[in-house]
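Peer 1: Take a look at the following structure, please.
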There are 2 protein chains.
Amino acid sequence: MKKGNLYLIPCTLGDSAVADVIPSLVNSVINSTDIYIVEEIKTARRFLKKAGILKPIDDLQFRTLNEHTDLNTVSNYLNEIVDGKNIGLLSEAGCPSVADPGSEIVKLAHKKNIKVIPLVGPSSILLALMASGFNGQNFAFNGYLPKDKTERINKIKELERLANIKKQSQIFIETPYRNMQLLDDLKYICSPATMLCVAVDITLNSEKIITASISDWKNYNSDINKRPTVFIIGT
Amino acid sequence: MKKGNLYLIPCTLGDSAVADVIPSLVNSVINSTDIYIVEEIKTARRFLKKAGILKPIDDLQFRTLNEHTDLNTVSNYLNEIVDGKNIGLLSEAGCPSVADPGSEIVKLAHKKNIKVIPLVGPSSILLALMASGFNGQNFAFNGYLPKDKTERINKIKELERLANIKKQSQIFIETPYRNMQLLDDLKYICSPATMLCVAVDITLNSEKIITASISDWKNYNSDINKRPTVFIIGT
C-alpha cells in the first residue's frame with residue numbers, strides 16, 4: 001500500500017484573510033487530510049474552518065504537540081501514514097517547524113522514510129527580512145534574546161558585531177510585552193550608525209516596517225508594545 | 001497626494017502552478033501595478049501572464065536590476081511612487097531580496113520613506129528548513145560556498161562546527177551543475193554522524209527532501225545534478 005504524506009501546513013499570522021497569505025493548494029490538502037498534529041486544538045479547529053475545510057470538524061482527529069506533550073506518545077503520532085493516510089502538521093501562526101516545536105515530528109518522519117511536503121505560507125521572519133532592505137544573501141535567525149541583563153547586552157553586542165563584520169543580517173524576536181524594553185536596549189547599546197529594522201504586525205492591516213539607523217530610532221516614537229514584532233540588525 | 005507602495009512580489013520556483021505556491025492577493029496587486037523592477041524582462045513578462053495579469057503586457061513598464069545595472073540609474077527607479085503609483089519588485093524565482101539583488105531597491109525605498117509591502121510566496125530556503133526536521137529556532141543562510149578548494153573545505157568544517165556547537169542549522173546553496181561535487185565534498189569532509197538535509201526541486205512534482213546522516217548519504221545515490229538544491233547541516 002502507498003504510504004501517506006506528512007504535510008507541513010502554514011497558518012495565518014493573526015487575523016488576516018486566508019487567501020491573502022495562503023495559496024489555494026492548502027485548501028486541497030486540508031480536504032484530503034483527516035489527522036492533524038497541532039499545538040492547541042481550539043485554534044487549529046478555528047483555522048481549518050477559516051481555510052475552508054468541508055468535512056465536519058468533529059470527524060477530524062487532533063493530536064497535540066506542545067511543551068506539555070510526553071515525547072513517548074509522539075513516537076506513535078505518524079502511525080496511520082503507513083496505512084496510506086495523510087497527516088497534517090499545523091503551526092499556531094506561520095510556518096510549522098520554524099520557530100515552533102514541530103521539527104520533532106519532521107525528524108520522526110525522516111526516520112520512518114515518510115515523505116515530508118512543506119506548503120507555502122507566511123513567515124514573519126522571511127517577510128521581515130525581504131522588507132528590511134538588508135543583506136538577504138547571508139542572514140541568521142537567533143530566536144529570543146536572553147532575559148538576563150548582562151547576557152542580553154553581550155548578545156546584542158555580538159549580533160551587531162556579526163552584522164557588521166560578516167555582513168550577516170541578524171534576525172531576532174522578543175515576547176511581545178517586552179518589545180518596548182528591547183527597542184530601548186537596542187537604542188542604548190548599539191552604535192548610532194547601526195541599522196535596525198523593526199517589522200510589526202506583518203501581513204495585518206496595521207503592518208509597519210521601518211528600517212533606520214539607531215540615531216534615527218532615538219528620535220522616533222514607535223508603539224510596538226504587545227504587537228508581534230521581528231527585529232533585524234543589518235547592513 | 002497619497003504615495004504609492006513598493007510591493008515585493010514573489011514568483012514560482014520553476015514550473016509549478018501559480019495557485020499552488022502564491023496566494024491570490026498577488027493577483028490583485030499585479031492588477032493594480034503597472035511598473036515593475038525585474039532581473040530579466042522576458043521571464044518577468046512570462047510570470048505576470050501566468051499569474052493572471054489582465055492589462056496587455058505591452059502597456060506595462062519594466063526596469064531591469066541585475067549585475068549589469070548602473071547603480072546611478074537605480075536611484076530614479078522609484079520616482080513615480082511619489083505621484084501615487086505602485087511599483088512591483090519581482091524576483092526571478094522565489095522571494096525578492098532573499099538571495100537576489102533586490103535589496104538595494106528596498107533600501108532606497110526606506111530612505112525615501114516609501115511603504116514596503118512584502119507578499120507571501122515560495123522560498124526554497126525556508127521550505128527546505130521546515131522540511132529538514134532541523135532546529136528552526138536558530139538557523140543561518142550562508143549563500144554559496146567558496147569555489148577555492150582550501151577555503152571551501154574550511155567553510156564546510158566551520159558550518160559543521162556551528163551546527164553542532166550553536167545548534168544553529170546551516171543552510172547553503174551551490175550553482176546547480178556543481179551540486180554533485182558539493183555532495184561528494186560533504187560526504188568526504190563531514191563526520192559520519194553529522195546530519196545533512198538535501199532538498200531538491202522544491203514545490204515541483206519532482207520534489208525530493210531527504211535528511212540522513214553523512215554515513216547514510218555515503219550509501220545513497222542521489223541524482224541532484226543541475227537540479228535546484230538547498231543543503232542544510234543541522235541537528
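Peer 1: Would you mind stating whether residue A:97 is surrounded by fewer than 21 Cβ atoms within 10 Å (Cβ to Cβ) and among the hydroxyl-bearing types (Ser, Thr, Tyr)?
Peer 2: It is false that residue A:97 is surrounded by fewer than 21 Cβ atoms within 10 Å (Cβ to Cβ) and among the hydroxyl-bearing types (Ser, Thr, Tyr).
Peer 1: Taking the stretch B:110-144, which residues are more than 7 Å from every other protein chain (Cβ to nearest Cβ), over 30 Å from residue B:158 (Cα atoms) and of a type in the set (A, V, I, L, M)?
Peer 2: Hits for the stretch B:110-144 are B:114, B:117, B:119.
Peer 1: Yes or no: the stretch B:19-34 includes at least one residue that is among the acidic types (Asp, Glu), closer than 24 Å to residue A:121 by Cβ and outside any loop (DSSP other than H, G, I, E, B).
Peer 2: yes
Peer 1: Scan the stretch B:175-193 for residues that are of a type outside the set (A, V, I, L, M) and either crowded, with 21+ Cβ neighbours inside 10 Å or closer than 22 Å to residue A:7 by Cα (or both) and jot them down.
Peer 2: B:179, B:190
Peer 1: Just the residues that are farther than 16 Å from residue B:104 by Cα and surrounded by 14 or more Cβ atoms within 10 Å (Cβ to Cβ), please, taken from the stretch B:53-74.
Peer 2: B:53, B:60, B:62
Peer 1: Kindly list, by first and then second residue, each pair from a residue in the stretch B:158-169 that is within 12 Å of chain A (Cβ to nearest Cβ) to a residue that is assigned to a helix (DSSP H, G or I), limited to pairs with Cβ atoms under 9 Å and residues at least 6 apart or on different chains.
Peer 2: Listed by first residue and then by second, the contacts come to B:168/B:162; B:169/B:129; B:169/B:132; B:169/B:163.
Peer 1: Something else now. How many residues are touching a helix residue (DSSP H, G or I) at 6+ places or on another chain (Cβ under 8 Å) and either over 20 Å from residue B:223 (Cβ atoms) or at pLDDT below 95 (or both) when one looks only at the stretch B:175-194?
Peer 2: 6
Peer 1: Quick one: which residue in B:80, B:92 is assigned by TED's automatic domain parsing to the domain that holds residue B:19, outside any loop (DSSP other than H, G, I, E, B) and acidic (Asp, Glu)?
Peer 2: B:80
Peer 1: Failed condition for residue A:178, given (1) closer than 19 Å to residue B:109 by Cα; (2) away from every other protein chain (no Cβ under 14 Å), with all others met?
Peer 2: (1)
Peer 1: Would you check if there is a residue in the stretch B:221-231 being part of a strand (DSSP E or B) and polar (S, T, N, Q)?
Peer 2: yes
Peer 1: Still on this model: Among the residues of the stretch B:86-106 satisfying the criterion of being in contact with a helix residue (DSSP H, G or I) (Cβ under 9 Å, 6 or more places away or on another chain) and of a type in the set (D, E, K, R), which is nearest to residue A:132 (Cα to Cα)?
Peer 2: By that ranking, first place goes to B:104.
Peer 1: If you take the residues in the stretch A:191-200 that are in contact with a strand residue (DSSP E or B) (Cβ under 7 Å, 6 or more places away or on another chain) and part of a loop (DSSP other than H, G, I, E, B), which one is farthest from the other protein chains (Cβ to nearest Cβ)?
Peer 2: In this case the residue turns out to be A:192.
Peer 1: Going through the stretch B:100-148 one residue at a time, which ones are surrounded by 24 or more Cβ atoms within 10 Å (Cβ to Cβ), part of a loop (DSSP other than H, G, I, E, B) and not aliphatic (A, V, I, L, M)?
Peer 2: B:102, B:121, B:122, B:123, B:133, B:134, B:136
The values are calculated or read from the model by the stated rules, or taken from the named source; none is laboratory data. The structure presented is a predicted model; accordingly, all values stated were derived computationally and were not measured. Note: ideal-geometry Cβ built from the backbone for every residue, glycine included; neighbour counts use all protein chains shown.
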